[in-house]
1. What is the packing order of peptides 229-240, 244-255, taking the mean over residues of other C-beta atoms within 10 Å and listing the highest first?
2. For every other residue with a beta carbon closer than 10 angstrom to the beta carbon of Y323, add +1 if it is Lys or Arg and -1 if Asp or Glu, then tell me the sum.
3. With an 8 Å Cα cut-off and a minimum separation of 6 or more residues, compute the relative contact order for the chain in percent.
4. With +1 on each Lys and Arg Cβ and -1 on each Asp and Glu Cβ, and nothing else charged, work out how big the dipole of region 51-206 is about its Cα centre, in Debye to the nearest 20.
5. Using only Cα atoms and rounding to the nearest 10 degrees, what angle (0 to 90) does helix 286-298 make with the longest principal axis of the chain?
6. Measuring with a 1.4 Å probe in the full set of protein chains, what accessible area per residue, in whole Å², belongs to the chain?
7. When the solvent-accessible surface of protein heavy atoms is calculated with a 1.4 angstrom probe, in what order do D351, D305 fall, highest first?
8. For region 215-365, which whole percent of the accessible surface, found with a 1.4 angstrom probe, sits on carbon and sulfur atoms?
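The values are calculated or read from the model by the stated rules, or taken from the named source; none is laboratory data. Quantities reported herein were computed from a predicted structural model and do not represent experimental measurements. A quick note on method: Cβ atoms are made from the backbone with ideal geometry, for glycine too, and the neighbour counts reach across all protein chains shown. All accessible areas refer to the heavy atoms of the entire protein, side chains included, with ligands and DNA or RNA removed. Shrake-Rupley method; radii C 1.70, N 1.55, O 1.52, S 1.80 Å.
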Amino acid sequence: MNIHTPEIDRKPSREQAEAALALLRQWASKAHDAEIDMVDPVLRRLVEGTSDAYPILSRDYPDGFAVDAAYKDTLPDLQNGPSALIRGANRGIQHVGISNFRLPISYHTRNNGDLTLETSVTGTVSLDADKKGINMSRIMRSFYVHAEKTFSFNVIEAALDDYKSDLESFDARINMRLSFPMKVNSLRSGLSGYQYYDIALELVETDGVRRKIMHLDYVYSSTCPCSLELSEHARRERGQLATPHSQRSVARISVEVNNGKCLWFEDLIDMCRRAVPTETQVMVKREDEQAFAELNAANPIFVEDAARLFAEQLQADPRIGDYRVLASHQESLHSHDAVSVLTEGTLFAADSLDPKLFSTLFHVG
């Protein structure tokens with residue numbers, strides 16, 4: 001049999017609740033923390049002027065805690081939140097994503113099988129104006145799905161398809177940077193050593209059109225033709241020993257690879273060597289150093305010459321579409337560099353350049 005007590009069953013009034021709250025606060029203000037916790041840690045919030053407004057939380061890592069689907073559904077996801085959460089201008093973003101995400105990736109070489117090299121990945125997608133953001137980790141997860149396959153532009157396309165679909169984006173870009181080793185022979189001593197080339201592969205999709213791009217930094221020595229002639233004039237006319245100035249120089253070659261064509265890393269390097277044969281050396285003995293001096297004297301070059309010589313090689317190869325040549329001669333005569341830009345086609349044409357673009361052409365040995 002149930003017995004009902006009217007005083008207990010009756011809903012307390014607001015006045016009674018306020019009186020009870022005042023009593024609790026009066027007691028809690030004079031009680032020790034341990035006493036409060038024995039009743040309920042939440043009571044700490046009732047003490048006026050208390051800085052600790054939170055209940056006692058566990059400081060032990062929960063090794064055995066397992067996440068199930070129901071728990072994951074409770075997790076907040078601000079990046080995929082409503083458009084009301086967007087801050088700033090109501091504008092779409094052309095590219096948003098991750099940069100310098102690194103992992104080992106295998107690459108085909110022209111003559112020496114496959115190489116596994118550390119690769120830095122930049123992956124971005126477009127973002128509509130009414131979307132708060134993207135889930136960055138999806139880009140990384142999409143890459144890992146394909147990372148164990150031998151990489152080529154086809155596999156990059158598969159990764160781009162995945163994260164473009166996952167993130168519901170229209171335009172996308174993947175850029176992979178690596179340092180490619182290639183064994184080169186010395187000029188006369190018969191020695192050999194590895195030259196390392198900064199290379200990047202890029203896949204860009206805009207308005208449904210995909211374009212494949214390869215970038216290469218080629219480091220060479222440039223001897224000034226004017227300085228060479230002035231030095232020879234001093235020797236001939238006055239018997240005065242003089243040396244022409246030369247300097248380490250860098251060309252960044254960017255080419256569009258035509259669809260259905262295979263352009264090996266080594267092929268692009270060979271084109272650069274044919275255009276400007278004074279590539280910096282790896283292994284050098286005295287006979288090699290003398291040979292390099294003779295090679296420079298046989299190929300004096302202004303920065304304008306360099307741009308046109310590289311372009312001559314690129315435009316003669318049917319595998320290459322649009323291209324760009326950036327050249328920087330980091331002079332030993334002047335306290336500034338001599339630079340040039342030559343482009344072919346619309347892909348690399350630009351009225352404005354990054355103000356720090358040429359400073360990225362500096363290579364440390």
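1. So the peptides 229-240, 244-255, ranked by packing, come out 244-255, 229-240.
2. Numbers: positive: R324; negative: E256, D317, D322, E344.
Surrounding charge for Y323 is -3.
3. On the way: 587 pairs, mean separation 38.9, N = 365.
The normalised contact order for the chain reaches 11 percent.
4. Values: 16 positive and 20 negative charges, 145 e Å.
Using only the charged Cβ atoms, the result is roughly 700 debye.
5. Its long axis makes an angle of about 80 degrees.
6. Numbers: 22810 Å² over 365 residues.
That works out to 62 Å² per residue.
7. Numbers: D351 175, D305 55 Å².
Descending order: D351, D305.
8. Numbers: 4090 of 8140 Å².
Carbon-and-sulfur percentage of accessible area, whole number: 50.
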